[in-house]
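A.B. asks: Okay, here's the structure, questions in a sec.
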Amino acid sequence: MQRYFRPENKDIRENMWQEVDGIVRVYRNKSGGITQVLREAQDVVGYLPVELIDYLAAGMNIPKSEAFGIASFYSLFSLKPKGRHIIRICTGTACYIKGVKEILNRLEQVYELKDGETDSQGRFSLESVRCLGACGLAPVMVVDGRTYGSITPERVMNILEEHP
Amino acid sequence: MQTSSRISINDREYEFSPGETVLEVARRNNIFIPTICKLEGASPTGACRMCVVEVEGARSLLSSCWAPAEQGMAVHTESSRVVESRKTTLELLLSSGDHKCLLCPATGECTLQDLAYLYQVPGEKFAQREVPYRMEAVNPFILRDFSKCILCGRCVQACQDIQVNNAISHGYRGIDSKIVAAGDRPLKDSDCVFCGECLQACPTGAIVSRDARFRPRSWQTTAVRTTCPYCGVGCQMDLHVKDNQVQRITGAKDSAPNYGRLCVKGRFGFDFIHSTQRLTAPLIKEKGEFREAGWEEALDLVAANLGRLKDKHGPDSLAVLSSARSTNEENYLVQKFTRAGLGTNNIDHCARLCHSSTVAGLGSSFGSGAMTNTICDIENSDVILVTGSNTTESHPVIATYIKQAVKFHGAKLLVVDPRGIQLTQFASRWLRQNPGTDAAWINGLIHVIIQEGLYDQEFVQSRTAGFEELQNAVQDYTPEKVEQITGIPQAEIIDTARMYAGANAASIFYAMGITQHTCGTDNVKALANLAMLCGNIGIQGGGVNPLRGQNNVQGACDMGSLPNVYTGYQKVSDETARIKMARTWGVNDLPATPGLTSTQMFSPAGESIRGMYIIGENPVMSDADSNHVKKALKGLDFLVVQDIFHTDTTAYADVVLPACCFAEKEGSFTNTERRVQRVRKAVEPPGESLTDAEIVCALSRRMGYCMDYKSSEQVLQEIAEVTPSYAGIDYPDMERQGIHWPCTQPGEKGTEILHCTEFACGLGNFQPTGYQPPAEQRDEEYPLWLTTGRLLYQYHTSTMTGRIKGLNTLAPECVAEISPEDAESFGLTDGELTRIYTRRGSINSRIKISPRAVSGTIFLPFHYPLAAANILTNSATDPESGIPEFKACAVNLEKLE
């Protein structure tokens, strides 16, 4: 039955649907399980397309509106496709004073990358964050989980070029 | 425990009961505390901070909607600290968007505007926030203006807690917060069912009706309280009228059964009242064409023809179809005219097609064929068994009570239905029986309950008769056998039986899925057996509750628009009743043999009928096997049809008489829970149209039987006089809220729950029934089952809803629901046009591949004249009640090239 009613989405391949169904099976009868299901499904697909949120809600037998409310509330979830590499740049007070704005400008010039968005090639996603707790190293950037301190626009360019 | 609990509010002392909030104590004592987010019927959220009060000794202000009253608490509701806080809150709310009132349709009923005025807040303190969300106006009914949304959350509570449609929720966070449907899609692409509860709950102009802009505002209209003209729930509502036009409709918050709730049809489906297509003058057919005529001419013609046929062929050559849409008073007059004026018992109405099997089945089991319990009583049920009822679409407001019982009162819902109806999402158990196998699964449950000794022995012994016969009859219905017949796994049968029997109070709700079978009466009796076996009759939260489909189908039955009974189900064959009626009606005698049922009128038994008078019914669309009905109507010598619009049936008429709709007359409707409620005149009728009462009285006078009444109230007085169950019902007592019959003495409150100490027939009768398959079986030529039913957005034969643009935007055409497996085997794709055919005829319809459909069965709505499902249905009837088998016949379909 399920195969007839899987919504169409180009980013979700057949093997992903199977994984998603497996996740739903695990949490189906656990109250409050939807947050876990959303997180794990996002790990499978890379982000949460609204069709997938609807599908998960139906699988968990909770209102679709509620699932969307949760998915859109937490910054952990992304409703848009993510780039291959996630850049987090701190815009907290220390980093701001140390010139993070120029770095953001450079990213926009070079990669047409704006805060909260993904470039058109799907290479980078940029998220500004407030304070990574490393103000001594300001300005600070995290690429795919690796932290870089005392960055400058030039250094950022060099680092990113190592992330094809 | 303290003997008295007191708090002081504004230096005066008040008593409170434990658990009461400060706000509740204040409101009870008429002390004003402003609120915005607090929604009646939902739990407080404390979101808006308007209801803050100062409590002596407390560090900060407290939200009174949340704060429980405590012994010795000293509260100030308008201290300067409180007022300052409210002013700041209001300033912030006013800066949250574009709160200009001049062009806002909510002006005059906007809580934000009222409070800004009260606390003299100009809204200039903070800069106005740019709202990033555009207005949404892409659906026919609801306009969402996010620039006026203050995120109080009332609409979300209305949707999730009151109607339990769960279509909207809070989305995003912080400054981006927005009330969203799933996927932040427009409402029309979401789970929204356009009940408009959010609109009624919105305290500002953020959610208004689509056409509210530049319509008259609240203070320019007059509200007329009346009863909804659609389904049998009987929602109380206010028609807001200006310039002889109904401008909008709101649910009556202070009245049962709906307490403010309405569905899309009730709230938005009123444009038909002022449709230009209304019939406005009598029409006489000449040479195949209708021409307008005066009332004198038309009525003379009708009287002459009916009189001629009566004289020539006898009174039984005439037949009358009364209307479940007309008032009680009108139905009373119509059957009085038929019996005393025409001299025949050939009167019936569409209850024959929906619940005649209930009237017969529950009548013989309990002595009364109506809902045993009330709508509001649903909240007292521990287990609710719903079968053969797509409640969320056919009785949306009753469905809200069921969903609330599950969501908030911990009730367990058991759904037995082949279709994956919406209620299954709320169900603890969903059993999917094969079409037409209801008696088998019900007997299966009874078998298990008896076998395991789970039944209520005391109730069975003291209140019922026939237990041993029942025990013998269900002996064979072992779970194994029931699984074979119904397709329901035996473990589920056993489990469900235990759940039903294990409940303190379990209620049963059913509708056409049970009744519209050739074994409909037996199905009903089987449900009655199940309920009695577990002692679920005569108690709160229990009962057997047939959900009736039309606004006044209960009333039309009560009034004796049936061939075998007078008002209050007094049998025409009973001499005492007949003599009483004849005396009241001023005639020497009345016919003693029951007349023909509506299904008989169109069958060979009805060949003796030469003339028919059809009031507010559309048998060409609504009766099984339409082609057969058309042939019967064509064969009549004379047909007069009385309606508010042309229908498929008026085409066959010799004379068409224009009638008034519900908004144009006084009277009463009796809803599905036996509650007699007022209908009040709000606007003048269009053109020359008259009420059904005026027309039938005028016709009767012409035919030599005088019926003369000053008002509908006078008619009700006569009804009360001759009807024991209505004896205590009068307009003054109904003024504020309707009354449940039986109400046998003036001044009595009526009876909410039937059969509490004794059944209407003394002992309840167990009437054993057996499984009997549908009259027509699937075969090679017709390999699928066809079942028919209703949609939310259309109503019955769509005479009214078909004229409402918005409803037709949402449900424009007939779509057959088919399972993916069947679609695959027939080589069909979603949305494809098909020809659907049975032994009786064929229609063309698009298909929808739906997860709701069960494989082997297609579902068709019967609303659409262009694809009239009843061309296909089988007119085989239940022998006891005469109800046709709408719910199961054999069908085939093919791709239309």
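The values are calculated or read from the model by the stated rules, or taken from the named source; none is laboratory data. On a predicted model such as this, the values are computed, not experimentally measured, just so you know. Glycine also receives a Cβ, built like all others from the backbone with ideal geometry; neighbour counts cover every protein chain displayed. Side chains included, ligands, DNA and RNA excluded: accessible areas come from the protein's heavy atoms. Shrake-Rupley method; radii C 1.70, N 1.55, O 1.52, S 1.80 Å.
A.B. asks: Whole Å is fine, so just give me how far the alpha carbon centre of region B:299-345 lies from that of region B:446-485.
C.D. replies: Value for the Cα centre distance between the two parts: 46 Å.
A.B. asks: Per the Kirkwood definition applied to all pairs of different Cα atoms, how many angstroms is the hydrodynamic radius of region B:57-141?
C.D. replies: Numbers: mean 1/r = 0.0639 Å⁻¹.
Hydrodynamic radius (Kirkwood, Cα pairs) of region B:57-141 is 15.6 Å.
A.B. asks: In 5 Å bins starting at 0, how do the alpha-carbon pair distances of region B:344-395 split up by percent?
C.D. replies: It works out to 5, 13, 16, 25, 22, 10, 4, 3, 1, 0, in whole percents.
A.B. asks: Sequence-distant or interchain residues sharing an amide H contact under 5 Å with A:HIS85, placed H: which?
C.D. replies: A:PHE124, A:SER125
A.B. asks: Treating the Cα atoms of region B:753-824 as identical point scatterers in vacuum, please give the log10 of the normalised Debye intensity I(q)/I(0) at q = 0.12, 0.13, 0.17, 0.21 Å⁻¹, two decimals.
C.D. replies: -0.73, -0.79, -0.85, -0.96
A.B. asks: Let me ask something else. Work out the P(r) tail for region B:783-850: percent of alpha carbon pairs separated by more than 20 Å, whole number.
C.D. replies: 37 percent
A.B. asks: So which residues of region A:33-55 lose at least 10 Å² of accessible area, probe 1.4 Å, when you go from the chain by itself to every protein chain present?
C.D. replies: Correct list: A:VAL50, A:ASP54.
A.B. asks: May I pose another question? In a solvent-free Debye calculation with one equal scatterer on each Cα, what is log10 I(q)/I(0) for the protein assembly as shown at q = 0.05, 0.06, 0.08 Å⁻¹, listed in the order of the q values?
C.D. replies: -0.37, -0.53, -0.91
A.B. asks: Determine which residues of region B:639-677 fall in the zone a paramagnetic label at B:LYS285 would reach in this model, i.e. backbone nitrogen under 14 Å from the point 7 Å along Cα→Cβ.
C.D. replies: Correct set: B:639-642, B:646-657.
A.B. asks: I'd like the Kirkwood hydrodynamic radius of region B:116-256, using the inverse of the mean 1/r over distinct C-alpha pairs, in Å.
C.D. replies: 16.8 Å
A.B. asks: Averaged over every viewing direction, what's the projected area of the C-alpha convex hull for region A:63-116? Give it in nm², one decimal, please.
C.D. replies: Result: a mean projected hull area of 4.9 nm².
A.B. asks: Ok, one more. When a/c reaches 1.5 or more, the comparison of a/b and b/c decides; with that in mind, is region B:488-529 rounded, prolate or oblate per its Cα gyration tensor?
C.D. replies: oblate
A.B. asks: Can you list the residues of region B:156-176 that have at least 40 square angstrom less accessible area with all protein chains present than in their chain by itself, probe 1.4 Å?
C.D. replies: B:ASN166, B:TYR172, B:ARG173
A.B. asks: Show the residues, 5+ positions off or on another chain, whose built amide H is closer than 5 Å to the amide H of B:ALA816.
C.D. replies: Under 5 Å from the amide H of B:ALA816 lie the amide H atoms of B:ARG846, B:ILE847, B:LYS848, each far enough along the sequence or on another chain.
A.B. asks: Which of the trypsin sites (Lys or Arg not before Pro) found in region A:1-70 are loop residues per DSSP with 16 or fewer other Cβ atoms within 10 Å of their Cβ? Please list the in-between numbers first.
C.D. replies: Details: sites: A:ARG3, A:LYS10, A:ARG13, A:ARG25, A:ARG28, A:LYS30, A:ARG39, A:LYS64; in loops: A:LYS10, A:ARG13, A:ARG28, A:LYS30.
Filter output for region A:1-70: A:LYS10, A:ARG13, A:ARG28, A:LYS30.
A.B. asks: OK, next. Skipping prolines and chain starts, which residues have an amide H placed within reach, meaning under 5 Å, of the one on B:ILE142, given they are 5 or more residues away or on another chain?
C.D. replies: The answer is B:ARG210.
A.B. asks: log10 I(q)/I(0), Debye, Cα-only region B:739-788, no solvent, q = 0.15, 0.16, 0.20, 0.24 Å⁻¹?
C.D. replies: Per q value, in the given order, log10 I(q)/I(0) is -0.67, -0.69, -0.81, -0.97.
A.B. asks: Moving on to the next point. Need one word for region B:631-785: rounded, prolate or oblate. Basis is the Cα gyration tensor (sqrt eigenvalues a ≥ b ≥ c); a/c below 1.5 gives rounded, then a/b vs b/c decides.
C.D. replies: oblate
A.B. asks: With the other protein chains left in place, how much accessible area per residue, in square angstrom, belongs to the protein assembly as shown at a 1.4 angstrom probe?
C.D. replies: I get 39 Å² per residue for this part.
A.B. asks: Let me ask something additional. At the nearest 100 Å², what buried accessible area, both sides summed, do you get for B and A when the probe is 1.4 Å?
C.D. replies: Protein heavy atoms only, the B-A interface buries about 1600 Å².
A.B. asks: Here's another thing I want to ask about it. Quick one: which bits of region B:840-889 get at least 10 Å² less accessible when the partner protein chains are in, versus the chain alone, with a 1.4 Å probe?
C.D. replies: Hits at the 10 Å² cut-off: B:ILE849, B:PRO851.
A.B. asks: What ratio of Cα Rg to 2.2 N^0.38 Å holds for region A:1-69?
C.D. replies: Computed over Cα atoms of region A:1-69, the ratio equals 0.98.
A.B. asks: If you average the C-alpha positions of region B:161-225 and of region B:826-893 separately, how far apart do those two centres end up, in angstrom?
C.D. replies: Measuring centre to centre over Cα atoms gives 35 Å.
A.B. asks: Using DSSP to call loops (not H, G, I, E or B), can you name the GluC sites (Glu not before Pro) in region A:1-61 whose Cβ has at most 13 other Cβ atoms within 10 angstrom?
C.D. replies: A:GLU8
A.B. asks: Hey, what do the phi angles of region B:13-30 turn into as Karplus ³J(HN,Hα) couplings, whole Hz, using 6.51/-1.76/1.60 and θ = phi - 60°, x for Gly and Pro?
C.D. replies: These are the phi-based 3J(HN,Hα) values: 8, 9, 7, 9, 9, x, x, 5, 8, 4, 4, 5, 4, 5, 4, 4, 9, 6 Hz.
A.B. asks: Would you work out what percent of the accessible area of the protein assembly as shown, with all protein chains in place, is carbon or sulfur (probe 1.4 Å)?
C.D. replies: Working: 20010 of 41590 Å².
Within the protein assembly as shown, the accessible surface is 48 percent carbon and sulfur.
A.B. asks: Here's a follow-up. So how do B:522-529, B:120-127, B:221-228 stack up, highest first, on mean other-Cβ count within 10 Å?
C.D. replies: Final packing ranking: B:522-529, B:221-228, B:120-127.
A.B. asks: Next question, about the same structure. Can you give the Rg to Rh ratio for region B:746-866, taking only C-alpha atoms and Rh from Kirkwood?
C.D. replies: 1.16
A.B. asks: Moving to a separate point now. Bin by bin, in steps of 5 Å, what percent of the Cα pairs in region B:700-747 do you find, going until the bin that has the longest distance?
C.D. replies: For region B:700-747, the pair-distance distribution reads 5, 21, 24, 21, 12, 8, 7, 3.
A.B. asks: What do you get for chymotrypsin sites (Phe, Trp or Tyr not before Pro) in region A:39-108 restricted to DSSP loop and a cutoff of at most 14 other Cβ within 10 Å of the site's Cβ?
C.D. replies: Listed in order of number, the matching sites are A:TYR74.
A.B. asks: What area, in nm² and to one decimal, does the C-alpha convex hull of region B:341-476 cast on average over all directions?
C.D. replies: Mean orientational projected area (region B:341-476, Cα hull): 11.6 nm².
A.B. asks: When the Kirkwood radius is taken over all Cα pairs of region B:1-118, what Stokes-Einstein diffusion coefficient follows at 25 °C and 0.890 mPa s, in µm²/s? Working shown, then result.
C.D. replies: Details: Rh = 15.3 Å.
Translational diffusion coefficient: 161 µm²/s.
A.B. asks: In square nanometres and to one decimal, what's the mean projected area of the convex hull around the Cα atoms of region B:430-586?
C.D. replies: Averaged projected area of region B:430-586's Cα convex hull equals 11.5 nm².
A.B. asks: Could you state, as a whole-number percent, how many of the C-alpha pairs of region B:36-84 are farther apart than 16 Å? If you can, show how the numbers build up before the last one.
C.D. replies: On the way: 456 of 1176 pairs.
Counting every Cα pair in region B:36-84, those more than 16 Å apart make up 39 percent.
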